[in-house]
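The values are calculated or read from the model by the stated rules, or taken from the named source; none is laboratory data. The model shown is predicted, which means the values in this text are computed figures rather than measured ones. In this analysis, Cβ positions are derived from the backbone assuming ideal geometry, glycine residues included, and neighbour counts consider all displayed protein chains. Only protein heavy atoms, including side chains, enter the accessible area calculation; ligands, DNA and RNA are left aside. Shrake-Rupley method; radii C 1.70, N 1.55, O 1.52, S 1.80 Å.
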Amino acid sequence: MQHKPDSTHFETLAVRTQAERSQHREHSVPIFATSSFVFEDAEQARALFAQEQEGNIYSRFSNPNNDEFVQKLCLLEGTEDGIATASGMAAMFLSMAAFVSQGEHVVVSRSVFGSTHQIVTQLFPKWGISHSYVDIADLEGFAAAITPKTKLVFVETPSNPALDLIDLEALADICRAHKVLLVVDNCFATPYLQTPARWGADIVTHSATKFIDGQGRVLGGAVLGSKALIQEARFLARHSGPALSPFHGWVLSKSLETLSVRMDRHCQNALALAEFLEQQPQVAFVKYPFLPSHPQYALAQKQMRAGGGLVSFELKGGLQKGRAFLDKLQLCSLTANLGDTRTTATHPASTTHSKLNSEERAMVGISDGLVRISAGLEHIEDIIQDIAQALGA
Ligand SMILES: *Cc1c(COP(=O)(O)O)cnc(C)c1O
């Protein structure tokens, strides 16, 4: 049971959508730390299991905290239904595995999150599922890669860490024409900046660990889509068990209440940082979707509300300079997470993408001197000062 405000505004929906109050009339929703729920009688137990009646049975299937989180996310994304998962990767896996079978094929944008890449290249072949990679900006390449065996197209936009975009409306048209599902990992943008379902995506997936939690505390994820598609995915979720902890569902639902305010500041700080970096002689180039120098600036303006919290830039001097820069940072954290209140920095060539060789890295837009910054919520003057001193500016 949900209470939904009578509003279409993101901010109001995020704050005022909540599970119905109990007899205690609590203002903030309690945490339903319970593995199971009690049936009124044998008949209700039968009806719930037969899915003739809606209600909670067991927290691997559903839980009020997770329902509140996912139903709120659905309102923000413009989707009908969803499943909350224990991590972003559980969501990525579910969003593909629920819809493909042995002998079928998936088309994937070349620069996807590392573990998504491992699912497609290492796990799917074990189950007879093949794949094709397509460069993110190559719309015709997606159409060309679709075969009669293709079941779905999976993309991430903006991509990590190159921050390249894909035209969601155009890709959705291609997918519809070929009768394949379009699955979009919307982790970097969040529904505040971009709503793929409104451009025609069938499934939207999230790592809620990043900007949705936004404070580096919990792992979580979600798969969202039409009632029919989510019903199909729910079978796999229910019986394979990637359920989100109710406590994490509670944290993430609370986090959605502040998402718009945090994203505004992340975007404002990231844009200011990108503009600063563009002026620095040590920097070869800067990638940020809302910088006019971004090759897809017009597309970014069309499908995103703002440019997001991530900025990538290339240091002159390659691998060595990239690592030296990181070692000099004092305020910014060196950590694999992103979308935190704290500004974080990574050097993909020596960490997340070190298993690829230079050529493979170049194919996904990662040069040896590329640094990725996730702009946090500190004062922008302090962020810039730290980055300037690490650059030796
Ligand atoms: C982090 C991330 C994931 C994986 O999420 P986890 O919560 O770490 O499992 C998937 N996609 C993108 C784009 C991510 O940044």
For residue 179, work out the one condition from (1) over 22 Å from residue 76 (Cα atoms); (2) part of a helix (DSSP H, G or I); (3) at pLDDT 95 or above; (4) open to solvent by 30 Å² or more (accessible area, probe 1.4 Å) it doesn't fulfil. (2)
Scope the stretch 365-393; condition open to solvent by 10 Å² or more (accessible area, probe 1.4 Å), of a type in the set (Gly, Ala, Ser) and more than 25 Å from the chain's Cα centre (by Cα); matching residues: 388, 392, 393
Just give me the residues in the stretch 97-114 being more than 20 Å from residue 165 (Cα to Cα) and out of contact with any Asp or Glu (no Cβ under 8 Å at 6 or more places or on another chain), in sequence order. 97, 100, 101, 102, 103, 104, 105
Being hydroxyl-bearing (Ser, Thr, Tyr), more than 10 Å from the ligand (Cβ to nearest atom), surrounded by fewer than 19 Cβ atoms within 10 Å (Cβ to Cβ) and touching a residue at least 12 places away in the same chain (Cβ under 8 Å) is the filter here, so list the residues in the stretch 77-128 that pass it. 101
Given the structure, is residue 334 surrounded by fewer than 17 Cβ atoms within 10 Å (Cβ to Cβ) and touching a helix residue (DSSP H, G or I) at 6+ places or on another chain (Cβ under 9 Å)? yes
Tell me, please, whether a residue that is modelled with pLDDT of 95 or more and assigned to a loop (DSSP other than H, G, I, E, B) can be found in the stretch 104-116. yes
What number of residues within the stretch 292-320 are within 19 Å of residue 186 (Cα to Cα) and in a loop (DSSP other than H, G, I, E, B)? 7
Checked 222, 272 against criteria (part of a helix (DSSP H, G or I) and either buried (at least 18 other Cβ atoms within 10 Å of the Cβ) or over 18 Å from the mean Cα position of the chain (by Cα) (or both)); the one match is 272
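Quick grid of which residues meet (1) among the small types (Gly, Ala, Ser); (2) out of contact with any Asp or Glu (no Cβ under 6 Å at 6 or more places or on another chain); (3) within 16 Å of the ligand (Cβ to nearest atom):
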position: 183; (1), (2), (3): no, yes, yes
position: 201; (1), (2), (3): yes, yes, yes
position: 207; (1), (2), (3): yes, yes, yes
position: 215; (1), (2), (3): no, yes, yes
position: 226; (1), (2), (3): yes, no, no
position: 230; (1), (2), (3): no, no, no
position: 244; (1), (2), (3): no, yes, yes
